[in-house]
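Accompanying notes for the structure given below.
The values are calculated or read from the model by the stated rules, or taken from the named source; none is laboratory data. None of these values were measured; they are calculated from a predicted model. As a convention, Cβ positions derive from the backbone with ideal geometry for all residues, glycine included, and neighbour counts pool all protein chains shown.
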Amino acid sequence: MRASAAPSVCLGCRRISGHPADLGFDNLPPVPSDAPARPLFARCLARSAAISDRKGGDVYRRRLLAGLSGRVVEVGAGTGVHFPYYPESVAEVLAVEPEPNLRESAQAAAREAPVAVRVMPGVAEALRAADASVDAGVSAGLLCSVPDPAAALAELARVIRPGGELRFYEHVISRRRRAAVLQRALDASGVWARAMGGCHTSRDTEAAIARAGFRIESIERFTFHPTLLDLPVAPKILGRARRE
């Protein structure tokens with residue numbers, strides 16, 4: 001993921017104590033330069049999210065975010081597809097998205113969100129947030145596409161307070177041997193990654209989360225592919241982990 005040094009955008013932010021600095025993400029170091037625009041990929045991702053929700057994906061999004069409270073960082077926010085499902089117990093969401101077209105869509109979605117959402121550029125490996133400054137992190141469709149999942153998870157561990165949560169909804173390598181072989185072959189070809197914004201189909205994300213210093217408290221494994229194009233990424237995990 002890449003990022004922009006452009007100023008953050010606060011859309012519909014609630015003033016917790018009457019001053020924007022109270023929201024906790026001001027006066028922080030700049031982020032790296034912006035990601036290259038991928039308008040075709042952005043349109044495909046938006047269409048895929050809409051189809052997913054029509055076929056039941058919204059149920060998983062609700063479960064991903066249920067019970068969250070306080071300050072939350074969502075990395076790889078995309079079009080802002082999760083924003084409508086944040087519970088009102090959340091004080092603010094720092095939504096990080098590097099791709100300019102997706103970020104523009106997320107900014108529009110933030111205006112309609114039931115909670116305060118600040119949309120800003122950034123990279124998963126260098127979040128513009130102070131140490132232990134958030135109560136929870138959200139990773140959904142992120143860890144398949146970052147160049148270094150371990151670095152991204154280490155950065156999430158840095159900004160989540162001790163005892164805070166990581167919520168995750170990711171696709172993973174299949175537990176079926178033949179399907180896993182096909183996923184690895186697809187990744188080795190490079191075709192899928194080039195077409196899908198760097199996505200890898202065969203990462204063992206559950207193991208990566210555990211290695212990063214998070215204690216997995218609950219996890220669901222299931223298959224979900226709203227379209228035929230989603231078959232390589234049908235094996236999913238959804239759960240929560242605790243920052244130790």
Of all helices (runs of 4 or more DSSP H) fully inside segment 24-132, the set with 3 or more residues that are at pLDDT 90 or above and out of contact with any Gly (no Cβ under 7 Å at 6 or more places or on another chain) is 58-65, 100-111
For SER218, only one of the following conditions fails: (1) part of a helix (DSSP H, G or I); (2) surrounded by fewer than 17 Cβ atoms within 10 Å (Cβ to Cβ); (3) among the small types (Gly, Ala, Ser). What is its number? (1)
Pairs returned, first residue in segment 172-183 that is closer than 19 Å to GLU220 by Cα and touching a residue at least 60 places away in the same chain (Cβ under 8 Å), second residue that is hydrophobic (A, V, I, L, M, F, W, C) and surrounded by 12 or more Cβ atoms within 10 Å (Cβ to Cβ), beta-carbon separation under 6 angstrom, 6 or more apart or interchain, are VAL172/ILE237; ILE173/ALA180; SER174/ALA180
Counting only residues that are more than 14 Å from PRO147 (Cα to Cα), part of a loop (DSSP other than H, G, I, E, B) and either modelled with pLDDT under 95 or not aliphatic (A, V, I, L, M) (or both), segment 167-203 contains a total of 3
